[in-house]
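The values are calculated or read from the model by the stated rules, or taken from the named source; none is laboratory data. What you see is a predicted model; the values in this text were computed from it and never measured. Positions of Cβ are backbone-derived with ideal geometry, glycine not excepted, and every protein chain shown enters the neighbour counts. Ligands, DNA and RNA are excluded from the accessible area calculation, which covers all protein heavy atoms including side chains. Shrake-Rupley method; radii C 1.70, N 1.55, O 1.52, S 1.80 Å.
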Amino acid sequence: QDVSVVLVSGKVNVRTDNRVESVLKPSDRLTYEKGTTDIKKVNVENYISWKDGYYHFADNSLKEIAAELERIFNVRIKIEDDDIEKYRYHISFVNHEVLPDMLDAINNDKKLIITYNKDTIEIRKRR
């Protein structure tokens, strides 16, 4: 399972399945994906602003944004085309927007088709 965590304050020792041990410091983001561990410095506000109703995505992939929106809104977002998972976005939501408005803003260029099916949202590339 892919996992990502950002440390706001303090210091944490982390050991992954593959026995790699790392020390996280404030502003570190650890990503564990397909057995590989990666740590990089990030702007913590991009990861904690949701608690105040603000969402900031700075050069995030559609896949990353979809994962965050799934968590926030408790829905499943299925990206149908592998190549659009890599589309990158710089976008902020600061007015307590609802999910459909957020997805409309992400699709401002109309390159995507977004379909709402009960508890699943499907996103595919417009052909």
Single residue of the stretch 3-21 satisfying the filter (at pLDDT 90 or above and open to solvent by 70 Å² or more (accessible area, probe 1.4 Å)) that is nearest to Lys41 (Cα to Cα): Val8
If I filter the stretch 27-49 down to residues being open to solvent by 80 Å² or more (accessible area, probe 1.4 Å) and in a loop (DSSP other than H, G, I, E, B), which single residue comes out as modelled with the lowest pLDDT? Lys34
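Taking the stated definitions as given, is Tyr116 of a type in the set (Phe, Trp, Tyr) and free of Cβ contacts under 8 Å to residues at least 24 places away in the same chain? Quick ask: steps written out before the conclusion?
Details: of a type in the set (Phe, Trp, Tyr): yes; free of Cβ contacts under 8 Å to residues at least 24 places away in the same chain: yes.
Criteria met by Tyr116.
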Only one of (1) hydrophobic (A, V, I, L, M, F, W, C); (2) farther than 22 Å from Asp2 by Cβ; (3) within 16 Å of the chain's Cα centre (by Cα) is not met by Ile72, so which one is it? (2)
Considering only the stretch 6-26, state which residues are in a loop (DSSP other than H, G, I, E, B) and either among the basic types (Lys, Arg) or within 18 Å of Glu68 (Cα to Cα) (or both). Leu7, Val8, Lys11, Arg19, Lys25
Does any residue of the stretch 99-113 turn out to be under 24 Å from Arg127 (Cβ atoms), touching a Leu at 6+ places or on another chain (Cβ under 7 Å), open to solvent by less than 40 Å² (accessible area, probe 1.4 Å) and assigned to a strand (DSSP E or B)? no
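Please note which strands (runs of 3 or more DSSP E) are completely contained in the stretch 55-95 and include at least 3 residues that are in contact (Cβ under 8 Å) with a residue 24 or more places away in the chain and open to solvent by 40 Å² or more (accessible area, probe 1.4 Å). Give the derivation first.
Values: elements: 55-61, 76-79, 88-93.
Where strands (runs of 3 or more DSSP E) fall fully within the stretch 55-95 and carry at least 3 residues being in contact (Cβ under 8 Å) with a residue 24 or more places away in the chain and open to solvent by 40 Å² or more (accessible area, probe 1.4 Å), they are 55-61, 88-93.
Check whether at least one residue in the stretch 27-38 is touching an Asp or Glu at 6+ places or on another chain (Cβ under 9 Å) and closer than 22 Å to Thr120 by Cα, and report yes or no. It would help to see each step written out before you state the result.
Keep residues of the stretch 27-38 that are touching an Asp or Glu at 6+ places or on another chain (Cβ under 9 Å), which gives 29-35.
Narrowing the set further to residues that are closer than 22 Å to Thr120 by Cα leaves none.
No, the conditions are met nowhere in the stretch 27-38.
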